[in-house]
Each structure stands twice: as structure tokens, then as C-alpha cells.
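Participant: Pasting a structure below so you can have a look.
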Amino acid sequence: MELAFYLATTLKTLRQARGWSLSKLAEQTGVSKAMLGQIERNESSPTVATLWKIATGLNVPFSTFIAPPQGEKPDAYDPDQQNMVITPIFPWDEALRFDCFSISLAPGAVSESTPHEKGVIEHVVTIAGILDICVDGQWQTLTAGMGIRFNGDKPHAYRNSTASTVHFHSLIHYPK
Ligand code: MN
């Protein structure tokens, strides 16, 4: 199944399962009703930051929208022309409760994240290149092999200040 179609269908299904209108979903996620309608109709692909707002408002893991279940090889999620490309490494496991992504960030790209669900912990490890990450308002630089663990329920940001793509892994733990 095409990933964009899967994402659109999943969003609509989750909203309807809660008995929510598009207005209610907008209220819960902080994403406009117009934008949510476009995403559900597969007319627009949300940025990574917008998709995180949606996942947080619905209280589901990020991978819910980009990792079709049942062993299909996951596609890379690449909504904004390769600024930030996210590929799930493992399928979601309800008992383990973590997402694990391979992420690449293009030269000059910045991704700012609103707070995730309360209690979410992120572990970021740079694989190749140099990653800047902002936690608690402080920018830090992670070269290959370096990692950081931080509370994902506060604003944070990822940035590539170099001329080559940076590749990192992100392991995100969700509370019970
Ligand atoms: Mn994050």
C-alpha cells in the first residue's frame, strides 16, 4: 500500500474510532481543521513536525502513521523533499513501547518539534555526519557515535549546520 494513502486512511480511522469531528481533532492536535481534512483526503502530506502533533494529540506512537503493520518493508517518510527523511527500523510492539527510526537531515535543514506526549523519552545517536540538537534551550553538537537521552515532552529541535547529510537513529520510548 502506498504510504501516503496508508497515513491518510489511518488518520481517518483513528479519528472516527474516537467519535471525533475534524474540529475536535484540530482542537486536540493544534493542527488546523483545513490541513487535517487535506491529510485525510490524501491531498497533502504533513511535515514531520505536523505529524508529531497529530500523533501526540491522538496519543499514539509516531510510527502508527508511517509503518504499515505485518512485516511489509517500511518506506521512508519523506514529506518535505528530503529535508528530513524518516524510516522505521522496527514495527511497533505494544509490550516494548518504543519506536526506532533511521533519520537523515539534509544540509542546512532544521526540524523543530513541539512537545510529545508526557513521559516520552528520546535517545538520539549520530551514525554519520554531525548533528546539532537543542534540548532545554541549549544547542549541543553530536558527532558520529555520540548520543543523547532527553525528555521528548518539552520543545526540542534538530539541525544540520554542515554541508553534508547527517544520519542518526532515534529511539523513542512511550510511557504506559
Ligand atoms: Mn522529537
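The values are calculated or read from the model by the stated rules, or taken from the named source; none is laboratory data. Treat the numbers as computed from the prediction; the structure is a model and nothing was measured. Cβ sites come from the backbone with ideal geometry, for glycine too, and all protein chains shown count toward neighbours. Side chains are part of the model used for accessible areas, which takes the heavy atoms of the whole protein and leaves out ligands, DNA and RNA. Shrake-Rupley method; radii C 1.70, N 1.55, O 1.52, S 1.80 Å.
Participant: Considering region 74-120 alone, what residues qualify as being in contact with a strand residue (DSSP E or B) (Cβ under 8 Å, 6 or more places away or on another chain), among the β-branched types (Val, Ile, Thr) and open to solvent by 30 Å² or more (accessible area, probe 1.4 Å)?
Facilitator: The answer is THR87, ILE89, VAL110.
Participant: Which condition number in (1) touching a residue at least 24 places away in the same chain (Cβ under 8 Å); (2) within 16 Å of the ligand (Cβ to nearest atom); (3) hydrophobic (A, V, I, L, M, F, W, C) is the one that TRP139 fails?
Facilitator: Among (1) touching a residue at least 24 places away in the same chain (Cβ under 8 Å); (2) within 16 Å of the ligand (Cβ to nearest atom); (3) hydrophobic (A, V, I, L, M, F, W, C), TRP139 violates only (1).
Participant: Confirm whether ILE133 is more than 18 Å from ILE54 (Cβ to Cβ), in contact (Cβ under 8 Å) with a residue 24 or more places away in the chain and within 10 Å of the ligand (Cβ to nearest atom).
Facilitator: In short, yes.
Participant: OK, next. So, in region 155-176, of the ones that are closer than 21 Å to THR64 by Cα and either more than 10 Å from the ligand (Cβ to nearest atom) or of a type outside the set (Gly, Ala, Ser) (or both), which residue ends up surrounded by the fewest Cβ atoms within 10 Å (Cβ to Cβ)?
Facilitator: Looking at residues that are closer than 21 Å to THR64 by Cα and either more than 10 Å from the ligand (Cβ to nearest atom) or of a type outside the set (Gly, Ala, Ser) (or both), I get LYS176.
Participant: Scan region 104-124 for residues that are over 16 Å from HIS156 (Cα atoms) and either within 11 Å of the chain's Cα centre (by Cα) or not hydrophobic (A, V, I, L, M, F, W, C) (or both) and jot them down.
Facilitator: SER104, PRO107, GLY108
Participant: Out of ILE121, ILE89, ILE103, ILE127, report the one residue that is closer than 16 Å to THR64 by Cβ and touching a residue at least 40 places away in the same chain (Cβ under 8 Å).
Facilitator: That would be ILE89, the only listed residue that is closer than 16 Å to THR64 by Cβ and touching a residue at least 40 places away in the same chain (Cβ under 8 Å).
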